[in-house]
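Below is one structure; the comments refer to it alone.
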Amino acid sequence: MLPDLRPLKLATASRLLDPSKRICQYEVPGGGVCRDENCEDAHLSRIAGHGGRGGAEPTDPETAEYLLNALPSKWLADNNVSLPKVSSAIRQVRLKNPQMGFEERVAHALAALGPSLPP
Ligand SMILES: [Zn+2]
């Protein structure tokens with residue numbers, strides 16, 4: 001069973017919409033695309049998504065941190081799962097399957113880390 005990812009996505013969306021953040025310089029005056037995953041600025045393209053995909057997606061480290069808090073600690077301990085491991089598992093899945101949706105990607109990453117989660 002997959003942990004509920006909605007709080008993570010909501011948190012990401014509200015952060016991206018934070019009016020105190022400046023708009024990323026790569027996207028102003030427009031047309032540009034920021035390729036820096038760790039860029040902390042607001043990105044209009046990420047809020048809107050690309051062709052209905054993407055949108056307010058958390059970064060891999062953010063997702064990993066959220067999952068580590070959301071997953072049962074016994075499962076984490078049994079499978080020796082750590083923050084860097086989760087982060088790199090998500091990254092691997094994303095690199096291999098660039099078209100894969102966010103939830104599916106997380107599911108694949110977790111499946112690579114250990115046996116399926118208890119419901
Ligand atoms: Zn940027």
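Those helices (runs of 4 or more DSSP H) of the range 15-80 in which at least 3 residues are at pLDDT 75 or above, away from the ligand (no atom under 15 Å from the Cβ) and not acidic (Asp, Glu), considering only elements entirely within it, cover 60-70, 73-78.
Please determine, by comparing only the residues of the range 82-106 that are among the polar types (S, T, N, Q) and in a helix (DSSP H, G or I), which one is farthest from Tyr66 (Cα to Cα). Only one residue fits best here, namely Gln92. Return the total of residues in the range 66-119 being surrounded by fewer than 18 Cβ atoms within 10 Å (Cβ to Cβ) and of a type in the set (Ser, Thr, Tyr). Residues that pass the stated criteria total 4. The requirement of being hydrophobic (A, V, I, L, M, F, W, C), within 13 Å of the chain's Cα centre (by Cα), at pLDDT 80 or above and away from the ligand (no atom under 16 Å from the Cβ) is satisfied by Ala107.
The values are calculated or read from the model by the stated rules, or taken from the named source; none is laboratory data. Please read all numbers here as calculations on a predicted model, not as lab measurements. No Cβ is skipped: glycine too gets one built from the backbone with ideal geometry, and neighbour counts run over all protein chains shown.
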